[in-house]
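J.: My structure is below; once you've seen it, I'll send some questions.
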């Protein structure tokens, strides 16, 4: 069973508790959890297997995909959606609708205008909203987490039975989301049945931004990351499947931790799936007019399984095994069933994503001026690629920034960090609102954190103003 680290805080609560963290990403989703026993140090674990996939391990995640029938019912979710699609008869293919990247529908207008175009947001099935799809994902992740804990933990069935009404859920979301998006997430969680729609149920839902979750993950799980002094600064680079997000922070105190956001978080649509998009475009052009154009999707899939994970040297040629030995077309770089790619060609697939990261880090540094960012931490599924890491390290060194990355499970950074922020929260102050974001639980109605951010400062101002008026007239 994967176990990354002990959180150095004893749990002194009165009873056992289960905490689940759901990281619903644009392309992949993950779950982490902690079983908190009184008088012990809680441990963070990850759900490392999901139905329909062969990959098992601490870095395991599941596609954020829902397959609907034409009547609006759910046919399959996650990796099982692909299996269901592959098993469809040709005449039944029009009877299903696959939903991907639905999370982009939640993006606030400011985020869309800056980083996301309408053409990059896929349409939803008729009669379905993004909240509907999110609730399906939440329900699926909860079901998978229960199944995993039941099978993997000692006395797993008994634990789940006794803790049914004492499970806290931590839901992470992009840094740019506001109160409306938080309320939508809250509604999806209720619809999914994570907690009942009561006051007691609402207080078991907690929100944390992905930037804060990543920061907690880096502080707790990345070797050498915590060697900071007061006024040290860091940028967290979350390189995922669709987006690259950057958040920068300054440590204003270390005991206890007090951290201030240095700049507005940045986002760029240049995640790892766009590497594959460039591969597909390249192959379609290369094979135009040849029978091999029918193999483009197969080759792209093999690229994802091999070169995309292992590429590290732009000077070395790469090959993709996709066909039979009889498939031999040297003019198309196909040699005995293998497509040969030069190192420069593969470099061109990856480089725009690298430049997207560098561009976002530069923006963070400019916004943070006069504070100089000294350290960067690369997390997310794309962080595992050695080419990206070493190229980025070399580029950032020119700006005096040292780049680090997790030695274990960078895919699980948000989910693990969300658990860490619950068990051992650090005070993080947002730049635009001066709101403290270690965890924001919901009360009844809208998210409590959103209410505090928008109205508490004005209420305080109004109260002080009234008191001053009274004093003025009294004297």
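J.: Take the residues in the range 375-396 that are in contact with a strand residue (DSSP E or B) (Cβ under 8 Å, 6 or more places away or on another chain) and over 20 Å from residue 416 (Cα atoms); name whichever of them is surrounded by the fewest Cβ atoms within 10 Å (Cβ to Cβ).
T.: 393
J.: Still on this model: Any idea which of 296, 279 is closer than 26 Å to residue 411 by Cβ, assigned to a helix (DSSP H, G or I), assigned by TED's automatic domain parsing to the domain that holds residue 395 and at pLDDT 95 or above? Full working, then the answer.
T.: Working: 296 fails: closer than 26 Å to residue 411 by Cβ.
Result: 279 is the single residue among 296, 279 that is closer than 26 Å to residue 411 by Cβ, assigned to a helix (DSSP H, G or I), assigned by TED's automatic domain parsing to the domain that holds residue 395 and at pLDDT 95 or above.
J.: Can you find even one residue in the range 377-387 that is more than 16 Å from the chain's Cα centre (by Cα) and more than 14 Å from residue 240 (Cβ to Cβ)? Break it down into steps so the answer makes sense when it comes.
T.: Going through the range 377-387, the residues more than 16 Å from the chain's Cα centre (by Cα) turn out to be 385-387.
Those left that are additionally more than 14 Å from residue 240 (Cβ to Cβ): 386-387.
Yes: one or more hits.
J.: Now for a separate question. Is at least one residue of the range 336-344 in contact (Cβ under 8 Å) with a residue 40 or more places away in the chain and in contact with a strand residue (DSSP E or B) (Cβ under 7 Å, 6 or more places away or on another chain)?
T.: The initial filter retains those residues of the range 336-344 that are in contact (Cβ under 8 Å) with a residue 40 or more places away in the chain, namely 339.
Cutting the leftovers down to in contact with a strand residue (DSSP E or B) (Cβ under 7 Å, 6 or more places away or on another chain) gives us 339.
Within the range 336-344, one or more residues are in contact (Cβ under 8 Å) with a residue 40 or more places away in the chain and in contact with a strand residue (DSSP E or B) (Cβ under 7 Å, 6 or more places away or on another chain).
J.: Are any of the residues in the range 320-329 surrounded by 17 or more Cβ atoms within 10 Å (Cβ to Cβ) and modelled with pLDDT of 95 or more? Quick ask: steps written out before the conclusion?
T.: Filtering the range 320-329 for residues surrounded by 17 or more Cβ atoms within 10 Å (Cβ to Cβ) gives 320, 322-323, 327.
Then keep just the ones that are modelled with pLDDT of 95 or more; that gives 320.
There is at least one residue in the range 320-329 that is surrounded by 17 or more Cβ atoms within 10 Å (Cβ to Cβ) and modelled with pLDDT of 95 or more.
J.: Looking at (1) touching a strand residue (DSSP E or B) at 6+ places or on another chain (Cβ under 7 Å); (2) assigned to a helix (DSSP H, G or I); (3) touching a residue at least 60 places away in the same chain (Cβ under 8 Å), which is the one condition that is false for residue 417?
T.: Against the list (1) touching a strand residue (DSSP E or B) at 6+ places or on another chain (Cβ under 7 Å); (2) assigned to a helix (DSSP H, G or I); (3) touching a residue at least 60 places away in the same chain (Cβ under 8 Å), residue 417 comes up short only on (1).
J.: Do the conditions hold for residue 207, that is, is it at pLDDT 95 or above and outside the structural domain of residue 424 (by TED's automatic domain parsing)? It would help to see each step written out before you state the result.
T.: On the way: at pLDDT 95 or above: yes; outside the structural domain of residue 424 (by TED's automatic domain parsing): no.
Spelling it out, it is not the case that residue 207 is at pLDDT 95 or above and outside the structural domain of residue 424 (by TED's automatic domain parsing).
J.: Do the conditions hold for residue 149, that is, is it under 16 Å from residue 17 (Cα atoms), part of a helix (DSSP H, G or I) and in contact with a helix residue (DSSP H, G or I) (Cβ under 8 Å, 6 or more places away or on another chain)?
T.: Working: under 16 Å from residue 17 (Cα atoms): yes; part of a helix (DSSP H, G or I): yes; in contact with a helix residue (DSSP H, G or I) (Cβ under 8 Å, 6 or more places away or on another chain): yes.
Against the criterion (under 16 Å from residue 17 (Cα atoms), part of a helix (DSSP H, G or I) and in contact with a helix residue (DSSP H, G or I) (Cβ under 8 Å, 6 or more places away or on another chain)), residue 149 qualifies.
The values are calculated or read from the model by the stated rules, or taken from the named source; none is laboratory data. If you're wondering where the values come from, they're calculated on a predicted model, not measured in any experiment. So basically every Cβ, Gly included, is an ideal-geometry build from the backbone, and we count neighbours across all protein chains shown.
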